[in-house]
Amino acid sequence: MTFWGRSAGESREPYHEPCPDYGPLPDSRTSLRSRVLFATPEMADFVKTGGLGEVAGALPRALRRDFDVRVLIPGYRQVRAAHPDIPVVARLDGFAQVPPCDLGLIETADGLRIYVLLNSELFERDGTPYGDAGGDFADNDLRFARLGLAAAELALGADPEWAADLLHLNDWQAALAPAYLAWRGLRVPSVLTIHNLAYQGLFPQGNLARLGVPDGAFQMNGVEFYGQLSFLKAGIYYASHVTTVSETYAREIQTPDMGCGLDGLLRTRAAQGRLAGILNGIDESWDPRTDPHLATRFEADDWKGKRANAEAVRQHFGLAVTRGPLFAIVSRLVHQKGIDLSIQAAETIVAEGGQMVVIGQGEGRFESALRGLARRHPDSVGVHVGFAESEARRMFAGSDFLLMPSRFEPCGLAQMYAQRFGSLPIVRRTGGLADTVEDGVTGFTFADGQEAGFLGAVRRALDTFGQKRRLNAMRRNAMARDFGWDGAAANYAALYTRAFGNNAVQRWRVA
């Protein structure tokens, strides 16, 4: 399929207007179920680096009740290992210097259909989806322009058996899709979800030509961001609607402090009624009554079962046997997550008879500092640099409190996991943490990102641990919270309907 319908070297004037809501196009047909393409750079079924992978594994499945949903992902080494023989349904031509690729189609055991971009040179590499020990891959602009371009092509009939009515694009890696369509003068309903505004996909202006970005699009009303090309800004500007992953974060990113230089554009989109916060959810596997990873399964009021998990965690980390409180950190070890604040609070926790266990990886300075804590307090502090999901789940189940003093947190999932397992989160009131943790009811919150505020919340948790009736009431409250995907799926369904411009599905294809 040739994207422009002409050679890549021919000029094309860019279309600059952000896409409005859509009514029927001249060749529209109606259908009972709209076709939604969920384009994402990672998916928990195969590879994940954080919350986006979890969302991509769960949200499309929750939406299948109301929509014909398919997922689009790059064909990373992990995907090819799980599916060595992927049927090819289409050949996608190159554009500018964006390489061609084959488009494969696989199906999961539960029937979710997934398009896979097949180009071994682009995607089959060691490391994460984005880089290796040496840093980000130098050609990430080409790699993820290929993802966005493929999403656009799947709305234009690249697969003769299925064409997307709406594109749901996730983070900067998929954000060029609505721009590519707009530069062709086409309007396809699209939703861009920002999972973390801090990651914007910034590349030099000199990369415009190799990505097929028209020169005229490099302006404030387009893709230009302080002299660079921003994939994320392109998506925010050209998409029909923009969402982010909690209501509080949607408000925060409209401020200079947290808008990462895009707050003005985001305020404009909000004023247009095109910016919304939709809280992420967690799937049904996060249930202490059924989770096979736990040392002992349990439910609310079965505190003996919870203690059995705490004992297993202590034994795993080689900690002393105690009835004192157990604090957990399950996190990337980076400044955003407030790891320095947790390290500073550790001495107080240990002095008060508490223990702390940590699993995660990230910045070397924090990894070293945590290892140092474990050496100084071998009976009270345990650290595992790395990640293992089974171990993390047992830590949620066994801990009394989760330390999560993030400086900003678009949504966060760990605080939801913790509450479901009866571990009370200690969090800053920001983003999704503010939307999911109720101070003194299901956890403890503090207002600023300073040590004093966090330490005050830790001390309140320590005091509550000594009040068993109150502690158990808070545990029950936390475990009763419903963080399932049904609410988010309903909100996205309403947004999709609005993006279509009426209550019928608008099916159209370009000949």
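The values are calculated or read from the model by the stated rules, or taken from the named source; none is laboratory data. Computed from a predicted model, the values in this text were never measured in an experiment. For neighbour counting, all protein chains shown are included, and Cβ atoms are generated from backbone atoms with ideal geometry for every residue, glycine included.
Name the residues in segment 352-396 that are farther than 13 Å from Phe327 by Cβ, small (Gly, Ala, Ser) and out of contact with any Ser or Thr (no Cβ under 7 Å at 6 or more places or on another chain), would you?
The answer is Gly362, Gly364, Ser368, Ala369, Gly372, Ala374, Gly386, Ala388, Ser390, Ala392.
It is to be established whether one or more residues within segment 197-220 are surrounded by 17 or more Cβ atoms within 10 Å (Cβ to Cβ), touching a residue at least 24 places away in the same chain (Cβ under 8 Å), of a type in the set (A, V, I, L, M) and within 19 Å of Pro99 (Cα to Cα).
Yes: one or more hits.
Going by the structure shown, is Leu495 assigned by TED's automatic domain parsing to the domain that holds Trp162, modelled with pLDDT of 95 or more and under 26 Å from Leu63 (Cα atoms)?
yes
On the basis of being under 22 Å from the mean Cα position of the chain (by Cα), at pLDDT 95 or above and surrounded by 15 or more Cβ atoms within 10 Å (Cβ to Cβ), does Ile349 make the cut? Step through it out loud before you land on a result.
Values: under 22 Å from the mean Cα position of the chain (by Cα): no; at pLDDT 95 or above: yes; surrounded by 15 or more Cβ atoms within 10 Å (Cβ to Cβ): yes.
The answer is no for Ile349.
Could you tell me how many of the residues in segment 230-265 are closer than 28 Å to Leu208 by Cα, under 18 Å from the mean Cα position of the chain (by Cα) and touching a residue at least 60 places away in the same chain (Cβ under 8 Å)?
Result for segment 230-265: 10.
Residue check, Gly135 against (1) on the phi > 0 side of the Ramachandran plot; (2) at pLDDT 95 or above, all met but one. Which one?
Tallying (1) on the phi > 0 side of the Ramachandran plot; (2) at pLDDT 95 or above, Gly135 fails exactly one: (2).
Find the residue count for segment 269-286, including only residues that are modelled with pLDDT of 95 or more, more than 14 Å from Tyr492 (Cβ to Cβ) and surrounded by 16 or more Cβ atoms within 10 Å (Cβ to Cβ).
Residues meeting the conditions: 6.
If only one of Gly449, Gly453 is within 25 Å of the chain's Cα centre (by Cα), at negative phi and either among the small types (Gly, Ala, Ser) or at pLDDT 95 or above (or both), which one is it? So that I can check it myself, show each step before the final result.
Numbers: Gly453 fails: within 25 Å of the chain's Cα centre (by Cα).
Selected residue: Gly449, the only one of Gly449, Gly453 that is within 25 Å of the chain's Cα centre (by Cα), at negative phi and either among the small types (Gly, Ala, Ser) or at pLDDT 95 or above (or both).
Looking at Pro129, Pro178 in this structure, which one is buried (at least 22 other Cβ atoms within 10 Å of the Cβ) and not assigned by TED's automatic domain parsing to the domain that holds Ser230? Write out each step before concluding.
Values: Pro178 fails: not assigned by TED's automatic domain parsing to the domain that holds Ser230.
The match here is Pro129.
If you go through segment 331-339 one residue at a time, do you hit one that is in a loop (DSSP other than H, G, I, E, B), in contact with a Ser or Thr (Cβ under 9 Å, 6 or more places away or on another chain), crowded, with 22+ Cβ neighbours inside 10 Å and of a type outside the set (D, E, K, R)?
So far as segment 331-339 goes, yes, one or more of its residues are in a loop (DSSP other than H, G, I, E, B), in contact with a Ser or Thr (Cβ under 9 Å, 6 or more places away or on another chain), crowded, with 22+ Cβ neighbours inside 10 Å and of a type outside the set (D, E, K, R).
Only one of Gly412, Gly398, Gly432, Gly362 is touching a residue at least 12 places away in the same chain (Cβ under 8 Å) and over 24 Å from the mean Cα position of the chain (by Cα); which?
Working: Gly412 fails: over 24 Å from the mean Cα position of the chain (by Cα); Gly432 fails: over 24 Å from the mean Cα position of the chain (by Cα); Gly362 fails: over 24 Å from the mean Cα position of the chain (by Cα).
Going through Gly412, Gly398, Gly432, Gly362 in turn, just one is touching a residue at least 12 places away in the same chain (Cβ under 8 Å) and over 24 Å from the mean Cα position of the chain (by Cα): Gly398.
Given the criteria more than 28 Å from Gln361 (Cα to Cα), over 21 Å from the mean Cα position of the chain (by Cα) and buried (at least 24 other Cβ atoms within 10 Å of the Cβ), does Val98 qualify? Let's see the steps before the verdict.
Details: more than 28 Å from Gln361 (Cα to Cα): yes; over 21 Å from the mean Cα position of the chain (by Cα): yes; buried (at least 24 other Cβ atoms within 10 Å of the Cβ): yes.
Here the answer is yes, as Val98 does meet what is asked.
Among the residues of segment 120-133, which ones are touching an Asp or Glu at 6+ places or on another chain (Cβ under 8 Å) and farther than 16 Å from Ala81 by Cβ?
Of all residues in segment 120-133, those touching an Asp or Glu at 6+ places or on another chain (Cβ under 8 Å) come to 122, 125-126, 129-130, 132.
Leu122, Tyr130, Asp132 - these are the residues of segment 120-133 that are touching an Asp or Glu at 6+ places or on another chain (Cβ under 8 Å) and farther than 16 Å from Ala81 by Cβ.
If you take just the helices (runs of 4 or more DSSP H) that sit entirely in segment 374-487, which of them hold at least 1 residues that are of a type in the set (A, V, I, L, M, F, W, C), assigned by TED's automatic domain parsing to the domain that holds Phe317 and farther than 22 Å from Ala346 by Cβ? If you could, list the steps in order and put the result at the bottom.
Details: elements: 389-398, 414-420, 431-436, 451-465, 468-480.
Here the list reads 414-420, 431-436, 468-480.
Taking the stated definitions as given, is Ala182 closer than 15 Å to Val116 by Cα and either assigned to a helix (DSSP H, G or I) or acidic (Asp, Glu) (or both)?
Values: closer than 15 Å to Val116 by Cα: no; either assigned to a helix (DSSP H, G or I) or acidic (Asp, Glu) (or both): yes.
The answer is no for Ala182.
Say whether the condition of being of a type in the set (Ser, Thr, Tyr) and surrounded by 14 or more Cβ atoms within 10 Å (Cβ to Cβ) is met by at least one residue in segment 74-83. Step through it out loud before you land on a result.
Here is the first cut: in segment 74-83, the ones of a type in the set (Ser, Thr, Tyr) are 76.
Keeping just the survivors that are surrounded by 14 or more Cβ atoms within 10 Å (Cβ to Cβ) gives 76.
Among the residues of segment 74-83, at least one is of a type in the set (Ser, Thr, Tyr) and surrounded by 14 or more Cβ atoms within 10 Å (Cβ to Cβ), which makes the answer yes.
Which condition breaks for Glu311 when tested against (1) within 27 Å of Phe454 (Cβ to Cβ); (2) assigned by TED's automatic domain parsing to the domain that holds Met356?
(1)
Would you mind telling me which numbered condition in (1) in the same structural domain as Tyr199 (by TED's automatic domain parsing); (2) of a type outside the set (Val, Ile, Thr); (3) part of a strand (DSSP E or B) Ala150 fails?
Among (1) in the same structural domain as Tyr199 (by TED's automatic domain parsing); (2) of a type outside the set (Val, Ile, Thr); (3) part of a strand (DSSP E or B), the lone unmet condition for Ala150 is (3).
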